[in-house]
Every structure is written in C-alpha cells, then in structure tokens.
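Below you'll find the structure, written out as structure tokens, and then a few comments.
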Ligand code: NAD
C-alpha cells in the first residue's frame, strides 16, 4: 500500500469489464488512495461496471457517450456538483467499425473514418475542455494509445490514423493547459486481450509476435499499465507533460524479428 494519490479525486472513463485497461489503472489508483468516479457507455454496461467500481470503494457512476456533447456536459456538471473539483482523468476509450479493422486501410469509408476520429480522438479534447475547467494546478489528464500510430501494424488501419491524431492532440493540449499547471500525457500500451482488442483482425497473432520479439520477450498486463499511469497521474510525474510513455515490454525500439524468435 501507499498514498501517491491520497486525497485526490479522479474520473475513469472506459471501464467495460475486468479485462479493460481502465480497470488496471483504476485498481492501481484506488490502492494509492484515490477517490474514483466512473463513466460508462450505455445502461447495459452498468451491471458490469457498478460491482467492479464498488469493489474498490467508488460510488459515483455516470452514463456518458463521448460522441454526445450533452452527456459529456452532464457528466462534468455532475462531478462539479458532487466533488467541486477534479484532480485527474483517465480516458481509455476508442471505437471503430470492426469490419474496417481488417483488410486494407485504403478501403476505409468516409463514415467510419469520421466516427472513429470523433470517438477515439476528438472525445479526449472534449473531455479536456470540460475537465480543465474544474481542475487546479497539478491536474493530470491521461489517454491510451498504440504503436500502430507510429508504424504500420496489420489490421490496425483507421485506428492507427486516429491514434496518430490522438498523440498529436496530446502535444497541443499539453501546451494549452500547461500554462494552468495541468499536464496531458498518453500511455502507448502493448497489445492486451480486451473487448476492444478482440475486434482487431488476427489479434492473437499480433500478441504472439509481440511476446516473441519485444525486448522483455513477453506481453504487458493491465496492472503494468496501471503502475505507469500512477507515475503520470500523481506528483511523481509533476515534470512530465506532452509525453507518450510506452508500456509495451520495449517493443517500440525493435527493428526486426528477434534471432531467437520461432516462426509463427
Ligand atoms: P475495452 O473494450 O475494455 O475499453 C474500451 C472502452 O471504450 C469501453 O469501455 C467502451 O464502452 C468505451 N467506448 C467505446 N465507445 C464509446 C463512446 N462512444 N462513449 C464512451 N465510451 C465508449 O478495451 P481497452 O483495450 O481497455 O481499450 C481502452 C483504450 O486502450 C482504447 O483507447 C484502446 O485503443 C487503448 N489501447 C488498447 C490496447 C490493447 O491492446 N487492448 C493497446 C493500446 C491501446
């Protein structure tokens, strides 16, 4: 135990189930003393989210579709009402039509391109606008990204383009909000088996490839993303903003297949 986030209040967005990256981060934050609120997307998820959140002492829940300005406004008005202010936000949300997370990027439709950018990119900016308004100096905003933003990864397609835009928006948000003492960062997580990941074509192959070829010769866990998030969300990260912290067993430094990796 410890108290890195003792006395701090944080919003966790994107908890779907106990496999979610948001869950790894939430557990780490709760263990360090944070008071947490959860937003979830649609009534159907509440029955999963509520028991998980309550198991770590959270009592604030809000149904929020980040594609809807009114529910976003409602979420932050609610937080202002119950808490007054906010210390950190975790944005662990992404979405695209899974029919376009296979095959060729060049075949992406205009409609899915716009939707993917709206839900997976703009939503973080929309969250930052509202969160910053109820945050003081020391506030911290965090989103989740993937290496498919930096290099071409099989099937990642439009989501890779969206993550590149998300990573660029982290830099611009860091500049704008830095003047108020608010930090904005991303974690680039290695592949983890979650609901969202199951929509990506050949995801098992991608996980296996990362396991065999990353410097640590394994995949990362939700818990490890949670530990890295603690650094960015707490005072430990007070000098860090605009950063994209890779929590990927080192895969992002690799240039080619490891000599000891078997064919798969
Ligand atoms: P997940 O399915 O557990 O979480 C995705 C969440 O996004 C769900 O809770 C879902 O309800 C939410 N969501 C989707 N559309 C929404 C909307 N319109 N409004 C509000 N919420 C919405 O999967 P995850 O892998 O934990 O994903 C969390 C984040 O981590 C995503 O941004 C994802 O791209 C990123 N990420 C995942 C991996 C991986 O391998 N799993 C790797 C790197 C980055």
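The values are calculated or read from the model by the stated rules, or taken from the named source; none is laboratory data. This one's a predicted model, so the numbers in the text were calculated from it and none came from an experiment. Here Cβ is always computed from backbone atoms with ideal geometry, including for glycine, and neighbour counts include all displayed protein chains.
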Check your understanding: If you go through the range 81-89 one residue at a time, do you hit one that is touching a strand residue (DSSP E or B) at 6+ places or on another chain (Cβ under 9 Å), surrounded by 15 or more Cβ atoms within 10 Å (Cβ to Cβ) and in a helix (DSSP H, G or I)?
Key -> yes
Check your understanding: Of these, 111, 77, which one is within 30 Å of residue 35 (Cβ to Cβ) and assigned to a helix (DSSP H, G or I)?
Key -> 77
Review point. Just for the range 186-201: of the residues that are closer than 14 Å to residue 222 by Cα and more than 6 Å from the ligand (Cβ to nearest atom), which one is farthest from the chain's Cα centre (by Cα)?
Key: 193
Review point. For residue 4, all conditions in the list (1) within 12 Å of the ligand (Cβ to nearest atom); (2) surrounded by 15 or more Cβ atoms within 10 Å (Cβ to Cβ); (3) more than 23 Å from residue 129 (Cβ to Cβ) hold save one; what is the number of the exception?
Key: (1)
**Study point:** Residue in the range 122-146 that is farthest from residue 13 (Cα to Cα), counting only those that are within 13 Å of the ligand (Cβ to nearest atom) and surrounded by fewer than 21 Cβ atoms within 10 Å (Cβ to Cβ)
**Key:** 122
Review point. Which residues, counting only those in the range 174-202, are in a helix (DSSP H, G or I), at pLDDT 95 or above and more than 30 Å from residue 2 (Cα to Cα)?
Key: 175, 176, 197
Practice item. Please determine, by comparing only the residues of the range 18-44 that are outside any loop (DSSP other than H, G, I, E, B) and under 20 Å from residue 73 (Cα atoms), which one is farthest from the chain's Cα centre (by Cα). Key: 43
